[in-house]
1. Within the stretch 83-97, which residues are among the hydrophobic types (A, V, I, L, M, F, W, C) and either more than 18 Å from LEU150 (Cα to Cα) or over 22 Å from the mean Cα position of the chain (by Cα) (or both)?
2. Only residues that are within 16 Å of ligand 2 (Cβ to nearest atom) and either surrounded by 17 or more Cβ atoms within 10 Å (Cβ to Cβ) or under 23 Å from PRO218 (Cα atoms) (or both): list them for the stretch 4-20, please.
3. Return the residue satisfying two criteria in turn: it lies in the stretch 116-165 and is within 16 Å of ligand 1 (Cβ to nearest atom) and among the acidic types (Asp, Glu), and of such residues it is farthest from the chain's Cα centre (by Cα).
4. Looking at PHE229, PHE161, which is the one that is touching a Gly at 6+ places or on another chain (Cβ under 9 Å), surrounded by fewer than 22 Cβ atoms within 10 Å (Cβ to Cβ), of a type in the set (Phe, Trp, Tyr) and not in a strand (DSSP E or B)?
5. State whether the residues of the stretch 91-101 include one that is assigned to a loop (DSSP other than H, G, I, E, B) and within 22 Å of ILE185 (Cα to Cα).
6. If GLY50 satisfies every condition in (1) free of Cβ contacts under 8 Å to residues at least 60 places away in the same chain; (2) within 16 Å of ligand 2 (Cβ to nearest atom); (3) among the small types (Gly, Ala, Ser) but one, which is the exception?
7. Within the stretch 10-47, can you find the residues that are among the hydroxyl-bearing types (Ser, Thr, Tyr) and not in a loop (DSSP other than H, G, I, E, B)?
8. Enumerate the pairs (first residue in the stretch 13-33 and at positive phi; second residue anywhere and of a type in the set (Gly, Ala, Ser) and in a strand (DSSP E or B)) with beta-carbon separation below 8 Å, excluding pairs fewer than 6 apart on the same chain, so at least 6 apart or on different chains.
Amino acid sequence: MSTLELENVSKQFGTMAALEPLALRIADGELVCLLGPSGSGKSTLLRIIGGFEMPTGGKVLIDGADVARTPPEKRPTAMVFQSHALWGHMTVEGNIGFGLKLRGLKKPEIAAKVDAALRLVGLAEYGKRHPAQLSGGQRQRVAIARCLVLEPKILLMDEPFASLDQHLRDRLREEVRQIQRKLGITTVFVTHGQDEALSIADRIAVMSMGRIEQVGTPAEIYTHPQTPFVAGFIGDMN
Ligand code: ADP
Ligand code: MG
């Protein structure tokens, strides 16, 4: 049950403005895609929400509390990266349970939560395997389970399926959508794929050169595109 509000969030890297002061409000349980070409500032914005980057200015409000200066592990957020970054020497269970161990949970409690997370991503039988024994899609499911087991209020995903083939990407996107709906978890999903944003988002925030140029439902964005990035894509479809 969480809302996310960005107020005047900006980011400078030296003299380069990666993000101009921008605002965005995401409702409880909503899935919002940040859509834009490479270099438009999507990852920077997501990293600021997750606490991996400090904004130069502005507020990041989660349920009304400003977390802009709070470290990632103290935020009610969890992030799935493009590369899964699982630990190869640990089993799937070990990977998923590691964060809970750090939080001081007892073994039986960890086992129960890990089991539930594995079932959620359809990998109930895979807990004892090592990441090298899994397919790319299965590894990315483990990465998702590793985030969900922490019971975050907000799930952050940065092009999570970019390294997978089209068929698998479509499938995992659908799975994420179902899990997201089931848990009602507020989600920010970064992509440069218009088709991906169109099929998964409740609303899309279109980014360009460090700005949010347009926010709306997929239908609004695609019937009245206000950016060349989206308009060009629609042109290609017709
Ligand atoms: P996107 O995810 O949309 O491709 P990014 O947020 O990664 O865009 O990058 C936005 C801009 O900020 C780019 O011009 C990029 O080169 C720059 N940038 C990102 N991270 C850093 C950094 N750590 N140091 C300097 N410049 C960066
Ligand atoms: Mg990026």
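Derivation of every value follows stated rules applied to the coordinates shown; laboratory data play no part. Everything numeric here is computed off the predicted structure, so don't read it as measured data. Cβ atoms come from the backbone with ideal geometry, glycine included; neighbour counts cover every protein chain shown.
1. Once the filter is applied, which keeps residues that are among the hydrophobic types (A, V, I, L, M, F, W, C) and either more than 18 Å from LEU150 (Cα to Cα) or over 22 Å from the mean Cα position of the chain (by Cα) (or both), the stretch 83-97 yields only MET90.
2. Those that are within 16 Å of ligand 2 (Cβ to nearest atom) and either surrounded by 17 or more Cβ atoms within 10 Å (Cβ to Cβ) or under 23 Å from PRO218 (Cα atoms) (or both): LYS11, ALA18, LEU19.
3. Going through the qualifying residues, I end up with GLU159.
4. Details: PHE161 fails: surrounded by fewer than 22 Cβ atoms within 10 Å (Cβ to Cβ).
Just one listed residue meets the conditions, PHE229.
5. no
6. Of (1) free of Cβ contacts under 8 Å to residues at least 60 places away in the same chain; (2) within 16 Å of ligand 2 (Cβ to nearest atom); (3) among the small types (Gly, Ala, Ser), only one is false for GLY50: (1).
7. Scanning the stretch 10-47 gives SER10, SER43, THR44.
8. Close Cβ pairs satisfying both conditions: none exist.
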